[in-house]
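Visitor: I am attaching a structure below and will ask some questions about it afterwards.
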Amino acid sequence: MSDTPNPEPPPRARPTRLLPLGCLLNLILVLGLAGWGIWMQLEPIRNSEAKPRICSVLDAQRDAWNAGDLDGFMAGYWNSDELTFTSGSKLVKGWVSTKERYVKTYQADGKEMGKLAFDDLEVEVLSADAALVRGKWELVLTKETVGGRFSLVLRKFADGWKITHDHTSK
């Protein structure tokens, strides 16, 4: 027997271990929830930026109408053949046809445009580039006052928010 102590074996390298699948899924879930929480905090900011811009479209339309400026009023609409305008049982498609309807109804043959007002506006931002607006309209003419309700779909384009669908009732 020898008097020399037995040398210690060299330390073993620890094998690298991957996270167990359950831990990995939990990590993904936590990161996803954190991202969702950040998104939900940004939601009021997005709404707060969109709503005033959408209301300014309607304000500009009202002001243009009341100044007798139909072209200015029509600037709030999407200038596309895909624009839809529904009043009563009639559907009008396209920006040009919608403008022709307004000319025929409010400017042709001595008709008057009157004074337009919007009330009870509810703006619901549906996404970063889409919104729904509901409200009342009233038009004061020389011989009568007419009005009704409307719902509008607006989309955000490079040049701002535009009405893509208008459903108006008397």
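Any read-out appearing in this document is the output of simple, stated calculations on the displayed coordinates, not a laboratory observation. The structure displayed is predicted, hence computed values, not measured ones. All Cβ positions, even for glycine, are placed from backbone atoms using ideal geometry, and neighbour counts span all protein chains on display.
Visitor: To the nearest 20 Debye, how big is the dipole of region 49-168 about its Cα centre, given +1 on the beta carbon of each Lys and Arg and -1 on that of each Asp and Glu?
Guide: Here region 49-168 has a charge dipole of around 240 debye.
Visitor: While we're on this one: Consider all pairwise Cα distances in region 49-168 and report the whole-number % of them above 22 Å.
Guide: Of all Cα-Cα distances in region 49-168, 29 percent exceed 22 Å.
Visitor: On to the next question. Could you work out the local net charge near Arg101, counting Lys and Arg as +1, Asp and Glu as -1, over the other residues with Cβ closer than 15 Å to its Cβ?
Guide: +1
Visitor: I would also like to ask the following. Please give, to one decimal in nm, the separation of the simple spin-label points placed at Ala67 and Ala128, each 7 Å out from Cα toward the Cβ.
Guide: Going by the 7 Å Cα→Cβ label model, 3.3 nm.
Visitor: Given points 7 Å out from each Cα along the Cα-Cβ axis, report the Asn79 to Lys104 separation in nanometres with one decimal.
Guide: 2.3
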